[in-house]
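K.L.:
To start, I am sharing the structure in question, which I have written as structure tokens.
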Amino acid sequence: MTAVSEPTPGPSPAPAPAEKSTLRRALDQKRFTVGLTITAIIVLLAVFGPLLAPHGQNEVVGPTFSSKGLFGTDYLGQDVLTRLLYGGRVILLISLFATLLGMVLGVLIGVVAAYAGGWWDEVIMRLNDVTLAFPQILLSLVVLTAVNQPRAWIIIILVGISHAPRVARLARGVALGIVSRDFVYAAEALGERRSRVILAEVLPNMSAPLLAEAGLRLTYSIGLVAALGFLGFSTDPNAANWGQMINENRLGLTIQTWAVLAPVLIIGLFTVGTNLMADGVAQVAQRGGGSE
Amino acid sequence: MTDVVVTDALEEVAPPSGRHGAAAWASWFARRIGLAVLTLWLVSILVYVATSSLGNPVKAILGRDYLADKARAAQLTSQLNLDEPLVTRYLHWLGGLFTGDLGTSIASQRPVSELIGSNVVNTLVLVLVSAIVMIPVAFGIAMLSANYRRRRPDTVIQTILLTLAGLPEFVIGILLVAVFSTTVFHLLPAVTLVAAGGHPWDQPKAMVLPVATLVLAVAPYVSRIVRSTLLEVLDSDYVELARLKGIPERVVMRKHALLNALVPGIQVIALQLAWLAGGVVVVETLYNYPGVGFQLVDSVRNHDVSMVQALSMIIAAIYVLVNLIADVLSILLTPRARTAISS
Amino acid sequence: MSATVSSDRERAGTGIAVQNLRIGLTARPGVDVVDDIDLVLKPGEVVGLVGESGSGKTTVGTALLGYTRAGALIEKGKVLFEDKDVLGLPWQQVRQLRGEEIAYVPQDPAAALNPSIRIGKQIVELLELRGIGTPASRLQGARDGLAEVGLPNDDEFLRRYSHQLSGGQVQRVALAMAFLPKPKVLVLDEPTTGLDVTTQGMVLQTMGELCRSHGVAALYVTHDLAVISNIADRVAVMYAGQIAELGPRETIFGQPTHPYTRALLDSIPHLSQARALTGIPGRTPAPGARPDGCRFHDRCSYAIDECSAGVPELREVAPDHLVRCIRSEQIGHWDISRGTVPDSDPNQHREPILTLGDLKVFYGHTEVVHGVSFEVGKAEVVALVGESGSGKTTISRCVGGLHKEWTGSITFEGNELGKGSRSRSASDRKRVQYIFQNPYLSLNPRLTIEQIVRRPMELFGLASGKEATDRVVALLDQVALGPAVLRYQASRLSGGERQRVAIARALAAEPDLLVCDEITSALDVSVQGSIVALLEDLRQTRGISMLFVTHNLALVRSIASRVQILNAGNVVESGFVVDVMDRPQQEYTQRLLANSPRID
């Protein structure tokens, strides 16, 4: 009832928050813009890196673990800078697709569970709990046991599927807050089709928290894909890959630190960037993504 | 849909009775345990199907030799019972789980239970020590930050936490190694070396980096959640009333705010401890720490199906157990949930 | 208890006085939340501080305790209590005053009692901290306090948590807690919001008795004029951060002099007579958007040019009667029966459009409505009245197709309606439209007003393209909204405007029956007045029938011709509004009427 705590009504004083899209409001946040800048730089580096590379990715340019070149050479005498410029694409692509897969699956499961309610909800979420009992990296490892050389699509599916139950839990929570609002009942009373109720009434009101979740999932995807590389499970043992580079050169950490530190730092920067972005969007979502 | 009648005063809420309460508690607890068992059972199906029927383990083990070495292939197939139908194999394996027979390792040809016993203990110690360090650190930082809410120290702390929260654990680990053991300083060992029959904690120095890595990977997240719950509670009507009632600020913080922020804190800690169960895979590999994670990665590389099955069941069981404890604790600390069960 | 009562009288202080108080926003210097507040509370007196949302009444209330919410700060003024300025004291001393001398009863006690501390402990917490009395005396005090507010005081009750109490009980616990340290000043912040009328009646009575017997000076902050007229000795009417009118209760309700007070009173329905309710045009301006000069002049029907020139002083127009209006002498007298209209005629011809036969409603296995039958005639408004839990909203949701678990029959123009909206024909869905209680939840915040209003036309194939847009504009005009809102999202509209959009959406389907579920209860009274006027106009011009769900009996008199009184899922009394309200037959109806706060 305090005048202070009430949002200023009236079109006149300031544009009401809901008029601006989530993205536009996120751009007002310092942490979002910083995160976006870092992410953009690394994505550009990963995409166009091979064009800038001074050598071929499997070209031996000097002795092993020497300090030749900007970041020196690696365990086979390949140029670390070159491999760094080559090694981002795979991680970037796999992470992006895995995130996309996980988000689509998770949102679908979560929203359907919330909207259908009752028995359906119970079963879906119970099964979901089972998959949650599995740490994400474990799921990939268990399946990789029976696979000799993982292909990119296998890793995409494994990482994506391991995201799905976590995304579903969040999506269900957000959706539950929306499906019980009167405007959804209003659409029901008018006799709108169920798919339209989900697509036109429920989903648009979830965009901000889902966007934040996607950012977070991307951060985790990068971490997971890189970790798999670090553990020695990468798609092509010869091709450069940031995660795998750490694994390959670990023994040389004392002699040629950059061979390990360069990929470590770039992965760290990348995840910090995406995480800052995700948190920026989450801040916007928390202040009521235009829903209040 | 209860109806409020004028002479309501007494009969609205039935007082929880002691004996009835105990029975209700027992039945709630039984249900909760049943649920945990059900979860583990479904996990076992998932693990078994994923390891032994999605791909061909024999082909994976033998690699290029698969076509050449027919005899070895046949021998492996029969050792893994791959010639039997999936359901029979699964039931056989599940029966083994209950009797403590976890199968035989393909790589070393020794019983799995013999191989993993000490590693399980090592991992539990690592997780436990990390938790004991992490919980007070995370809560302390959260309270400090909430105290300075939205002022300079809070912003600085939050920025640092947010940055740390974004880093994968192997990045944190390698940076720690580079700083404290190889490149900058040479204070701590980079790998854990354990003599046969010994334990990692025989050299406490060797535990420092693995524990620090796990704490740094988990504490920022916990701390951020606890801070935001604290702020939420501090903004609540009952905290406002406590202030308007003239209660001193430190009592408000201690008795009114912290108590109500504890439960979400416990839940997030449980979630993160469970997450540690996955985090150990990477951290143990990084430091060659002889725990289940290290062993799991090794077994996956060797396509040692029985080992992977046993180890992933153990990790899932740790997760389920931690969640169970957290659930019980949260219920005990939330009066509303507590009375809902006992009445 | 009698001994303590007399000693309380002796203890009674000198009251409290607010002088020239101004509270601003930290983020926007120069913008005031409240300004120029002067108010005196005498011992044993209840002063009602009444205003609509955004008037700043709660801000004034908590300022008496030297407290502002985050974002606001006290810029100038004094709060004088026993020769001390509360606002000027060091904070340790302010804290000492709080609770012991100046106590506060919160708006929503269910949220204001700590969920994890037992109530017995919470009641004595302050005494314990201050070391007042012994554990035994404190416990006895808590028991006596609970008995005073009519609650049980055994150990079992003291061991409960707040969630184990009903709304009325929680509110009375909050009262007992505030009275325990025997304060001299009490600030009550809308303490009966959300309670049923009978419970509200009891709480108000308890509170009044306690204040008078303990000699407490009380400030009762509320938006509800009817409640104020039942309990306050003096009334201050606030508008846009200032006191517009201040005077004894009889004067404020008998000879209101400020145009705003009059407009407010004109928008309130009476129990004894039907009225043509009116609203106040425009909306309450927020801090920073308030007009120069008299803050009400842009919505005032008596305004002249001078009203916008300077801020009017709060002048004494009669002893103890202060008014902030330069034209108070020129605007004539006010009559409480202004706006009275004849009750609807019981003998007019009726043709039923909606018939409920033996409706039983279930939630799971629980039957919550036990066989209800009634009819709604063409162009007739039937009110469903009851307290919370009576099943009134449940019945309306069944009619609207939002609740499926029922047996019996709901017949609309001769054909049976299906259980849920999905089992009804498009024509049935189109002709029965449901309007929700809370306009903040019933409009999709992602859609524009145009998209919201035109959707039913597209869905039912009534209009499309340019024609639909034209119709939307015409409908918005009918609900008194300009075409400018077409491109707005709902978040830019006030509550009243949102409810108009919701009505326009219902009208877009060209319905024959509107099911209105408490559609004015989330709105300020002046907005309620204009919504009711709009509905009455729709009934007359379009011949729409309405099923009007409400808990407000006075509102029923002004809007409905027939009424069904519900209690615990049964119709206890029904008939023509005039008959039921003037000659109630059932004890339950009589009690409801007796407990309803009234200004007439």
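K.L.:
Could you please give the count of residues in the range C:363-408 that are of a type in the set (S, T, Y) and either over 17 Å from C:E518 (Cβ atoms) or in contact with a Pro (Cβ under 9 Å, 6 or more places away or on another chain) (or both)? I'd like the intermediate steps shown before the answer.
P.N.:
From the range C:363-408, those of a type in the set (S, T, Y) are C:363, C:366, C:373, C:388, C:390, C:393-394, C:396, C:407; that's our starting set.
Adding the requirement that they be either over 17 Å from C:E518 (Cβ atoms) or in contact with a Pro (Cβ under 9 Å, 6 or more places away or on another chain) (or both) leaves C:363, C:366, C:373, C:407.
Residues in the range C:363-408 being of a type in the set (S, T, Y) and either over 17 Å from C:E518 (Cβ atoms) or in contact with a Pro (Cβ under 9 Å, 6 or more places away or on another chain) (or both): 4 in total.
K.L.:
While we're on this one: If I filter the range A:187-194 for residues that are at pLDDT 90 or above and not acidic (D, E), do I get at least one hit?
P.N.:
yes
K.L.:
Please verify whether the range C:384-391 includes one or more residues that are in contact (Cβ under 8 Å) with a residue 12 or more places away in the chain and open to solvent by 40 Å² or more (accessible area, probe 1.4 Å).
P.N.:
Among the residues of the range C:384-391, at least one is in contact (Cβ under 8 Å) with a residue 12 or more places away in the chain and open to solvent by 40 Å² or more (accessible area, probe 1.4 Å), which makes the answer yes.
K.L.:
Moving to a separate point now. Step by step: first the residues of the range A:229-248, then only those that are within 9 Å of chain B (Cβ to nearest Cβ) and under 11 Å from A:P150 (Cβ atoms), then the one that is most open to solvent (accessible area, probe 1.4 Å). Which residue is that?
P.N.:
The selected residue is A:G232.
K.L.:
Can you tell me which residue among B:T182, B:T88 is β-branched (V, I, T) and out of contact with any Ser or Thr (no Cβ under 9 Å at 6 or more places or on another chain)?
P.N.:
So the residue among B:T182, B:T88 that is β-branched (V, I, T) and out of contact with any Ser or Thr (no Cβ under 9 Å at 6 or more places or on another chain) is B:T88.
K.L.:
Just need a number here: residues in the range B:242-261 that are within 15 Å of C:K121 (Cα to Cα) and open to solvent by less than 10 Å² (accessible area, probe 1.4 Å).
P.N.:
Summing the residues that are within 15 Å of C:K121 (Cα to Cα) and open to solvent by less than 10 Å² (accessible area, probe 1.4 Å) in the range B:242-261 gives 5.
K.L.:
Right, next: Among (1) surrounded by fewer than 24 Cβ atoms within 10 Å (Cβ to Cβ); (2) in contact (Cβ under 8 Å) with a residue 40 or more places away in the chain; (3) assigned to a helix (DSSP H, G or I), which single condition is A:V167 missing?
P.N.:
(1)
K.L.:
Pull up the range A:249-265, narrow it to residues that are open to solvent by less than 20 Å² (accessible area, probe 1.4 Å) and under 11 Å from A:V80 (Cβ atoms), then point me to the one that is nearest to the other protein chains (Cβ to nearest Cβ).
P.N.:
A:V260
K.L.:
Something else: Filter the range C:130-166 down to residues that are under 33 Å from the mean Cα position of the chain (by Cα) and of a type in the set (D, E, K, R) and give me whichever is modelled with the highest pLDDT.
P.N.:
C:R143
K.L.:
Pairs needed: first member in the range C:566-579, more than 15 Å from C:E375 (Cβ to Cβ) and more than 14 Å from chain B (Cβ to nearest Cβ); second member anywhere, of a type outside the set (S, T, N, Q) and surrounded by fewer than 19 Cβ atoms within 10 Å (Cβ to Cβ); C-beta distance under 6 Å; at least 6 residues apart or different chains.
P.N.:
C:V578/C:D343
K.L.:
Show me the helices (runs of 4 or more DSSP H) found entirely inside the range B:1-90 where at least 1 residues are β-branched (V, I, T), open to solvent by 60 Å² or more (accessible area, probe 1.4 Å) and modelled with pLDDT of 75 or more. Working first, answer last.
P.N.:
Working: elements: B:18-52, B:57-62, B:65-68, B:70-79.
Those helices (runs of 4 or more DSSP H) span B:18-52.
K.L.:
Looking at B:R149 and the list (1) in a loop (DSSP other than H, G, I, E, B); (2) within 14 Å of chain A (Cβ to nearest Cβ); (3) of a type outside the set (S, T, Y), which single condition is not satisfied?
P.N.:
Of (1) in a loop (DSSP other than H, G, I, E, B); (2) within 14 Å of chain A (Cβ to nearest Cβ); (3) of a type outside the set (S, T, Y), only one is false for B:R149: (2).
K.L.:
Scan the range C:287-301 residue by residue and report those that are within 14 Å of chain A (Cβ to nearest Cβ) and in contact with a strand residue (DSSP E or B) (Cβ under 8 Å, 6 or more places away or on another chain).
P.N.:
Across the range C:287-301, the qualifying residues are C:P287, C:G288, C:R295.
K.L.:
Hey, could you check the range B:136-157 for residues that are in contact (Cβ under 8 Å) with a residue 60 or more places away in the chain and surrounded by 19 or more Cβ atoms within 10 Å (Cβ to Cβ) and say which is farthest from A:F230 (Cα to Cα)?
P.N.:
Going through the qualifying residues, I end up with B:A146.
K.L.:
Let me ask another. Please find, among C:R130, C:R95, C:R118, the residue that is closer than 30 Å to B:E232 by Cβ, facing chain B (nearest Cβ under 9 Å) and in contact with a Gly (Cβ under 7 Å, 6 or more places away or on another chain).
P.N.:
C:R95
K.L.:
For A:S221, all conditions in the list (1) of a type in the set (G, A, S); (2) at pLDDT 90 or above; (3) over 30 Å from A:N241 (Cβ atoms) hold save one; what is the number of the exception?
P.N.:
(3)
K.L.:
For a quick check of your reading: which helices (runs of 4 or more DSSP H) sit entirely within the range C:430-519 and have at least 2 residues that are modelled with pLDDT of 90 or more and facing chain A (nearest Cβ under 9 Å)? If you could, list the steps in order and put the result at the bottom.
P.N.:
Details: elements: C:449-459, C:465-478, C:495-508.
Result: C:449-459, C:495-508.
K.L.:
For the range C:361-405, which residues satisfy the criterion of being more than 23 Å from the chain's Cα centre (by Cα), away from every other protein chain (no Cβ under 14 Å) and not polar (S, T, N, Q)?
P.N.:
C:G371, C:V372, C:F374, C:E375, C:V376, C:G377, C:K378, C:A379, C:E380 - these are the residues of the range C:361-405 that are more than 23 Å from the chain's Cα centre (by Cα), away from every other protein chain (no Cβ under 14 Å) and not polar (S, T, N, Q).
K.L.:
Ok, one more. Please tell me if B:L276 is touching a Pro at 6+ places or on another chain (Cβ under 9 Å), more than 8 Å from every other protein chain (Cβ to nearest Cβ), assigned to a helix (DSSP H, G or I) and open to solvent by less than 10 Å² (accessible area, probe 1.4 Å).
P.N.:
yes
K.L.:
If I go through the range C:300-320 residue by residue, how many of them are touching a Leu at 6+ places or on another chain (Cβ under 9 Å) and in contact (Cβ under 8 Å) with a residue 12 or more places away in the chain?
P.N.:
Number satisfying all stated conditions: 3.
K.L.:
Looking at the range C:574-600, which of its residues are open to solvent by 20 Å² or more (accessible area, probe 1.4 Å) and outside any helix (DSSP H, G or I)?
P.N.:
Those that are open to solvent by 20 Å² or more (accessible area, probe 1.4 Å) and outside any helix (DSSP H, G or I): C:S574, C:F576, C:R583, C:P584, C:Q585, C:Q586, C:P597, C:R598, C:I599, C:D600.
K.L.:
Continuing with the same structure: Against the condition out of contact with any Lys or Arg (no Cβ under 7 Å at 6 or more places or on another chain), within 14 Å of chain C (Cβ to nearest Cβ) and open to solvent by 10 Å² or more (accessible area, probe 1.4 Å), how does B:Y238 come out, does it pass?
P.N.:
yes
K.L.:
Okay, next question. Take C:T261 and tell me if it is out of contact with any helix residue (DSSP H, G or I) (no Cβ under 7 Å at 6 or more places or on another chain), under 30 Å from C:H333 (Cα atoms), among the hydroxyl-bearing types (S, T, Y) and buried (at least 21 other Cβ atoms within 10 Å of the Cβ).
P.N.:
In short, no.
K.L.:
Right, something else. Can you name every residue in the range A:177-205 that is within 7 Å of chain C (Cβ to nearest Cβ) and among the small types (G, A, S)?
P.N.:
A:A186, A:A189, A:G191
K.L.:
Is it true that some residue in the range A:203-221 is open to solvent by 30 Å² or more (accessible area, probe 1.4 Å), closer than 21 Å to B:V297 by Cβ and over 14 Å from the mean Cα position of the chain (by Cα)?
P.N.:
No; the residues of the range A:203-221 include none that is open to solvent by 30 Å² or more (accessible area, probe 1.4 Å), closer than 21 Å to B:V297 by Cβ and over 14 Å from the mean Cα position of the chain (by Cα).
K.L.:
From the list C:L493, C:L553, which one is over 23 Å from C:S344 (Cβ atoms) and hydrophobic (A, V, I, L, M, F, W, C)?
P.N.:
C:L493
K.L.:
Inside the range A:44-58, can you point out the residues that are of a type in the set (A, V, I, L, M) and farther than 16 Å from A:P263 by Cβ?
P.N.:
Correct list: A:L44, A:V47, A:L51, A:L52.
The values are calculated or read from the model by the stated rules, or taken from the named source; none is laboratory data. Bear in mind the structure is a predicted one, so any value in this text is a computation, not a measurement. FYI the Cβ positions are ideal-geometry reconstructions off the backbone, even for glycines, and counts take in every protein chain you see. When the accessible area is computed, the model is the full protein with side chains, heavy atoms only, and any ligands, DNA or RNA have been set aside. Shrake-Rupley method; radii C 1.70, N 1.55, O 1.52, S 1.80 Å.
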